[in-house]
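The values are calculated or read from the model by the stated rules, or taken from the named source; none is laboratory data. What you see is a predicted model, and the numbers here were worked out from it, not measured in a lab. All Cβ positions, even for glycine, are placed from backbone atoms using ideal geometry, and neighbour counts span all protein chains on display. These accessible areas exclude ligands, DNA and RNA; they are computed on the full protein's heavy atoms, side chains included. Shrake-Rupley method; radii C 1.70, N 1.55, O 1.52, S 1.80 Å.
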Amino acid sequence: MSENRKPLLGFVSKVPSGTALGNSGKTHCPLCMGLFKAPRLLPCLHTVCTTCLEQLEPFSVVDLRGGDSDTSSEGSIFQELKPPSELKPPSLQPQIGILCPVCDAQVDLPMGGVKALTIDHLAMNDVMLESLRGEGQGLVCDLCSDREVEKRCQTCKANLCHFCCQAHRRQRKTTYHTMVDLKDLKGYSRIGKPILCSAHPAEELRLFCELCDRPVCRDCVVGEHREHPCDFTSNVIHKHGDSVRELLKGTQPHVEALEEALDQIKRMNGALQQRVEAVAANVRTFSEGYIKAIEEHRDKLLKQLEDIRVHKENSLQLQKAQLEQLLADMRTGVEFTEHLLTSGSDLEILITKGVVVERLRKLNKVEYSARPGVNDKICFSPQEKAGLCHGYEVYGTINTKEVDPAKCVLQGEDLHKAREKQTASFTLLCKDAMGESMGRGGDNVQVAVVPKDKKDSPIRTMVQDNKDGTYSVSFTPKEPGVYTVWVCIKEQHVQGSPFTMTVRRKHRPHAGVFHCCTFCSSGGQKTARCACGGTMPGGYLGCGHGHKGHPGRPHWSCCGKFNEKSECTWVGGQSTPRSLLRTVAL
C-alpha cells in the first residue's frame with residue numbers, strides 16, 4: 001500500500017513481492033494466483049477476481065460536493081465555478097474505496113460495491129481458452145453446473161456436458177443447433193459465452209444506447225431507453241472502435257517514449273554504477289596510497305626521533321664521563337693538598353709544593369660547562385609541510401630548535417618611519433639560542449602598533465608566516481604621529497622591542513615637471529615660470545640655461561628641488577618664488 005494512503009478500516013492485502021502482476025487478457029488473478037472467477041476490470045485496467053476484491057479491506061473517502069452536483073465519482077471534488085449567490089454549501093458524502101492490489105491506485109467503488117464494477121469478458125474468454133488447452137479441466141456445464149463439459153453449442157455459445165447435450169438435441173427449438181467437441185475448439189480465439197443484460201438476464205446485449213453510452217438489450221430499448229437513440233452493436237462498433245483506436249494511437253507514442261525513458265534510466269543507472277565503482281576504486285587506490293605514505297612518513301619521523309634521542313643521550317654520556325673524570329681529578333688534587341697542608345711538615349710541604357701547585361693550576365685552567373650540553377627541546381609540528389612521499393603531500397616535522405626571543409631580530413626600511421595611509425612593513429627573523437635561523441614557521445608571533453597619544457586605539461596588523469623562520473609584518477597607519485611597536489614571541493619581547501616609529505604625513509607628489517629649464521620644457525613660452533626664480537632677457541619669466549637665476553642642473557618647476565624622487569615642498573597660496581605658476585610639460 002502506498003505510504004501516503006491509509007485505509008480507515010484496516011489494511012489492504014498486497015501482491016506478494018516477486019509475484020507476476022496480472023492484467024486484462026491474462027488468465028490468472030494476481031491475488032489468488034488461480035484462474036479468474038468472475039473477473040472485474042478496475043479503472044486502472046487491472047483485473048481481479050470478484051471474491052478477491054471483496055476480501056480487500058475498504059477505506060472511507062469523503063467527497064465534497066454540492067447537494068445537486070451530478071459529477072461522477074471520478075471527477076473533481078470541487079463545485080463548478082458559480083457566482084457567490086448561487087453557491088450551495090458542500091455536503092460531506094462518505095464513499096467507500098479500495099486500493100488496487102497491483103498498482104496501489106485508489107478505486108472508488110460504485111453504489112453496488114465490487115459487484116457493480118465492469119466484468120472483464122475478455123479475461124473470461126481467455127480463461128475458457130486456457131481451460132480448453134488443458135483438456136477442458138476445470139470447465140463445468142453451463143446448464144447443470146455439475147458435470148464436466150464435453151461439447152459446445154456454437155449457436156447458443158454454451159458449454160454442455162454429455163447429458164445436457166442429449167437433452168439439448170431432443171428439444172425442438174435446439175434440435176438443429178451446431179455442436180462441437182471441446183478438442184475441436186482449441187484453435188479458436190473467441191469462444192466466450194453470450195453477454196447477458198444485468199437487468200434482463202434472459203436477454204443478450206446486442207444493442208448500444210448512444211445517449212447512455214452503454215450496451216443494452218431489446219427489453220431495455222422498449223423500457224427505460226425507449227426515447228434514447230439505440231442501434232445494433234455491429235452498426236456502431238466502427239464509430240466507437242475508431243474513436244478508441246484514435247485514442248490508442250495518441251497513447252502509443254507515450255508508451256514508446258516511456259519505454260525509451262526507462263531504457264535511458266536503465267542505461268544511466270548502469271553508467272552510474274560503473275562510474276561509482278570507478279570512482280570508488282580511485283578513492284580506495286588514493287586512500288591506500290595515502291595511508292601507505294602516511295605510515296612511511298610516520299616511521300620516518302619515529303626513526304628520526306630515535307636518532308635524536310640516541311645523539312642527545314650520547315652527548316650527555318660523553319659530557320657525563322668528562323665531568324666525572326674531571327671531578328675525580330679535582331677531588332684527588334683537593335684531598336692530597338688538604339692532607340699535605342694538615343699532616344705534612346714544613347719541609348714536606350716545601351718539597352712537594354712545586355708538583356702540587358702545577359697540578360692545581362692545570363686543573364683550574366680546565367674549562368667545563370656546569371649546564372648540560374644538550375637540551376630536551378624536541379617538538380612536533382603537525383601542520384608544517386614535510387614534502388612529498390610517494391607523490392603525496394605529507395605534513396608533520398620534528399624540530400629540536402626552539403626560538404629564543406632575545407636572539408630574534410627585526411629587519412626592514414619601515415622600522416622607525418612610515419607615511420600616513422600607506423602600508424608599512426618589516427620582517428621578523430627568528431633564531432634559536434645559538435643564533436641560528438629557525439628555518440621553519442609555526443611560532444606564535446604577536447605584534448601591536450599603538451599611537452602614543454591614543455593607546456586604546458591600536459592599528460590592525462597582519463602577520464604572515466613565510467614558513468622559513470621569517471615573518472612579514474604589515475600595517476597601515478591612518479594618522480601621522482609617534483607610534484609604539486611591540487613584537488613578542490611566547491609573550492616575550494624580541495630583540496629591539498618595543499620601539500618607536502614616526503609616521504609622517506602622506507608623501508606629496510610634485511605639481512610641476514622635472515626639467516632642465518623653463519624655456520625647453522614650455523616650448524619657448526614667455527609667461528611660463530619656474531620655482532627656481534630664474535629669468536631670461538626679452539620678457540621671459542622662466543629660467544634658461546646660462547641665464548640669471550638658473551641653478552645649473554635639472555630641477556622641479558614647482559618647488560625647485562634637484563632630486564627627481566623627492567617630496568614636493570611647494571605650498572599653494574604663499575607669495576614666494578616657489579608659488580608661481582607651474583610649467584606645462586610638452
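Subtract the Cα-Cα distance of residue 178 and residue 375 from 0.36 nm times their separation in residues, and report this length gain in nm to one decimal.
Using 0.36 nm per residue and subtracting the Cα-Cα distance, I get 58.9 nm.
How long is the stretch 381-437 along each principal axis, judged by its Cα atoms, biggest number first, in Å?
Taking max minus min along each principal axis of the Cα atoms, the stretch 381-437 gives 50, 30, 14 Å.
Determine, at each q value in 0.09, 0.10, 0.13, 0.22 (inverse angstroms), the log₁₀ of I(q)/I(0) that the Debye formula gives when each Cα of the stretch 176-306 is one equal point scatterer.
Summing over Cα pairs of the stretch 176-306 leads to -0.63, -0.69, -0.88, -1.20.
Suppose R0 equals 56 Å; then what is the FRET efficiency for residue 505 and residue 243 from their Cβ-Cβ distance, rounded to the nearest 0.05?
Values: r = 95 Å, r/R0 = 1.69.
Computed FRET efficiency for residue 505 and residue 243 comes out at 0.05.
What order, most packed first, do the peptides 411-423, 277-289 have when packing is the mean number of other Cβ atoms within 10 Å of each residue?
411-423, 277-289
Taking the dipole about the Cα centre of the stretch 143-279, with the C-beta of Lys and Arg at +1 and of Asp and Glu at -1, give me whichever of 251, 162, 228 is farthest to the positive side.
The residue sitting most towards the positive pole is 162.
Taking θ as phi - 60°, what are the ³J(HN,Hα) couplings along the stretch 287-299 by the Karplus curve (6.51, -1.76, 1.60), each to the nearest whole Hz, with x for Gly and Pro?
Running phi through 6.51 cos²θ - 1.76 cosθ + 1.60 with θ = phi - 60° gives 5, 4, x, 5, 4, 5, 5, 5, 5, 5, 5, 4, 4 Hz.
Which loop-located GluC sites (Glu not before Pro) does the stretch 306-388 contain, where loop means any DSSP state but H, G, I, E or B and the Cβ has at most 13 other Cβ atoms within 10 Å?
Working: sites: 306, 313, 324, 335, 338, 348, 358, 367, 384; in loops: 367.
Those satisfying the criteria are 367.
Can you return the lysines within cross-link range of residue 377? Criterion is Cα-Cα under 22 Å, with same-chain partners fewer than 8 residues away left out.
300, 303, 312, 320, 385, 401, 407, 431, 467, 490
Take the solvent-accessible surface of the protein heavy atoms, probe 1.4 Å, and return the percent of it on the stretch 376-476 that carbon and sulfur atoms account for.
Numbers: 2760 of 5870 Å².
Carbon plus sulfur share of accessible area: 47 percent.
For a Förster distance of 60 Å, can you work out the FRET efficiency between the beta-carbons of residue 328 and residue 386, rounded to the nearest 0.05? Before the final figure, lay out the partial values.
On the way: r = 46 Å, r/R0 = 0.76.
Computed FRET efficiency for residue 328 and residue 386 comes out at 0.85.
Using 5 Å bins from zero, what percent of all Cα-Cα pairs in the stretch 146-185 falls into each bin?
Bins of 5 Å from zero give 6, 27, 37, 21, 7, 1 percent of pairs.
State the percentage of accessible surface on the stretch 280-354 attributable to carbon and sulfur atoms; use a 1.4 Å probe and exclude ligands, DNA and RNA.
Values: 3570 of 5840 Å².
Roughly 61 percent of what the probe reaches on the stretch 280-354 is carbon or sulfur.
Before I look further, what does the stretch 275-359 give for accessible area per residue, probe 1.4 Å, in whole square angstrom?
On the way: 6680 Å² over 85 residues.
Value for the stretch 275-359: 79 Å² per residue.
Determine the gain in length on full extension of the stretch residue 290-residue 252; use 0.36 nm per residue of separation and subtract their C-alpha separation, reporting nm with one decimal. Display every interim value, and only then the final one.
Working: separation 38, 0.36 × 38 = 13.68 nm, distance 5.53 nm.
Between residue 290 and residue 252, full extension yields an extra 8.1 nm.
What does the stretch 436-517 give for Rg and for Dmax, in Å, if only its C-alpha atoms count?
My reading of the Cα-based Rg and Dmax gives 17.4, 59 Å.
So, by mean Cβ neighbours within 10 angstrom, what's the order for 497-507, 261-271 with the highest one leading?
497-507, 261-271
For residue 196, enumerate residues with amide H under 5 Å from its amide H, sequence gap 5+ or separate chain, H modeled in the peptide plane.
205
Kindly identify the stretch 279-431 as rounded, prolate or oblate by the Cα gyration tensor criterion: order the square roots of the eigenvalues as a ≥ b ≥ c, call it rounded if a/c is under 1.5, otherwise compare a/b with b/c, prolate if a/b is larger, else oblate. Kindly include the intermediate steps, with their values, before the conclusion.
On the way: a/c = 7.23, a/b = 1.94, b/c = 3.73.
Note, shape of the stretch 279-431 comes out oblate.
Starting with the highest mean, order 515-522, 148-155, 237-244 by the number of other Cβ atoms within 10 Å, averaged over the residues of each peptide. Walk me through the numbers on the way to the answer.
Details: 515-522: 21.0, 148-155: 19.0, 237-244: 11.0.
Listed from highest to lowest mean packing, they are 515-522, 148-155, 237-244.
Roughly how many Å² is the accessible area per residue of the stretch 415-472, as a whole number, for a 1.4 Å probe? Intermediate values should be presented prior to the final figure.
On the way: 3380 Å² over 58 residues.
With all protein chains present, the stretch 415-472 gives 58 Å² per residue.
Mind giving me the nanometre distance, one decimal, between the label points for residue 393 and residue 54, set 7 Å out from Cα along Cα→Cβ?
So the two model labels end up 7.7 nm from each other.
Leaving ligands, DNA and RNA out of it, report the carbon-plus-sulfur percent of the accessible area of the stretch 482-550 at a 1.4 Å probe. Can you show the working numbers first?
Values: 1940 of 3630 Å².
C and S fraction of accessible area: 54 percent.
What are the residues whose amide H is under 5 Å from the amide H of residue 150, where those residues sit 5 or more places off or on another chain and H is modelled from the backbone?
For residue 150, whose amide H was placed from the backbone, the distant partners under 5 Å are 160, 161, 162.
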